[in-house]
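The values are calculated or read from the model by the stated rules, or taken from the named source; none is laboratory data. Just so we're clear, the structure is a prediction, and the values are computed from it rather than from any experiment. No Cβ is skipped: glycine too gets one built from the backbone with ideal geometry, and neighbour counts run over all protein chains shown. We work out accessible area using only protein heavy atoms, side chains counted, and drop any ligands, DNA or RNA first. Shrake-Rupley method; radii C 1.70, N 1.55, O 1.52, S 1.80 Å.
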Amino acid sequence: MDNTELQEIFSNIGKTYKYETVAAEFTAFKDFKVRWQRSYKWADFKVSDYLSDAPEKVVEGLADTLFTRICIRDETSFSEEMCDWVTAPGFARTKQPVYLRRSRNITRSPEGKHRNLTDSYNRLVEMGLVEKEPDLFLSWTREPSIRKVGQCSVLMKVVSLSSALDDPEIPDFVVDYVMYHELCHLIMGFDPKTERNGEEFARLEAMHPKQDEAESWLRKYCMYL
């Protein structure tokens, strides 16, 4: 699908919501997202180009969802077709390489100066906390941030840990817990309303046997999840 087709879909959907002028174009965002500006009778959408090969039905559902949110101010969920498309195994496999190229603050490797993130992941698997995910990509960040020591892209299946944790003085169980915290997002899966079930997430986190000790260690050194 090119920008002309995208424009036509959004314009047609916009007309049903009384929008006279609608612009839409694919944009190379790092993350999967949509941005828009709008006024009384016009709207301008920047749509993630990760959707450029999506079926027409998926894009139509997205457009309808966005106009519903704008006009009715209803935080309606994305369409079933779109949720199924972005969570299908093929989506992460084909989009992940693009996401990695656009992620400037990661090394694109699990191998750090002092430890390998694959070792941490394998320990979690051996403990029975997570199952092997063949499409998972692990990486260190280039910059040693302590404000947020872990990140997870659920759709792209990429987990990155701050290189501040790549330190032999930091216990393995702390790194493992940060890794597990991020993997819990993958276990929870894609949430089309970007609202996580806090109780369920907390239950998953609590399954790590050294949660309290790890969180206490992180707080002591002013590191945050």
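Out of curiosity, is ALA54 surrounded by 13 or more Cβ atoms within 10 Å (Cβ to Cβ), assigned to a loop (DSSP other than H, G, I, E, B) and either charged (D, E, K, R) or touching a Phe, Trp or Tyr at 6+ places or on another chain (Cβ under 9 Å) (or both)? Yes. The residues listed here are VAL22, VAL59, VAL47; of these, the one that is assigned to a helix (DSSP H, G or I), at pLDDT 95 or above, open to solvent by less than 60 Å² (accessible area, probe 1.4 Å) and of a type in the set (A, V, I, L, M, F, W, C) is VAL59. A Cβ distance below 6 Å, combined with a sequence gap of six or more or placement on separate chains, defines the contacts here; from the range 9-25, residues that are farther than 12 Å from ILE70 by Cβ and among the charged types (D, E, K, R) reach no residue that is modelled with pLDDT under 95 and open to solvent by less than 30 Å² (accessible area, probe 1.4 Å). Each residue in the range 112-143 was checked for being of a type outside the set (Ser, Thr, Tyr), free of Cβ contacts under 8 Å to residues at least 40 places away in the same chain and more than 23 Å from LYS210 (Cα to Cα), and 3 of them qualify. Looking only at residues of the range 126-141 that are farther than 14 Å from GLN96 by Cα and loosely packed, with under 13 Cβ neighbours inside 10 Å, we find that the one that is farthest from the chain's Cα centre (by Cα) is GLU126.
Listed here are the residues, each with its yes/no results for (1) outside any strand (DSSP E or B); (2) within 15 Å of PRO110 (Cβ to Cβ); (3) touching a His at 6+ places or on another chain (Cβ under 9 Å).
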| site | (1), (2), (3) |
| --- | --- |
| LEU129 | yes, no, yes |
| ILE146 | yes, no, no |
| VAL159 | no, yes, yes |
| VAL174 | yes, no, no |
| TYR177 | yes, no, yes |
| GLU182 | yes, yes, no |
| LEU186 | yes, no, no |
| PHE201 | yes, no, yes |
| ALA214 | yes, no, yes |
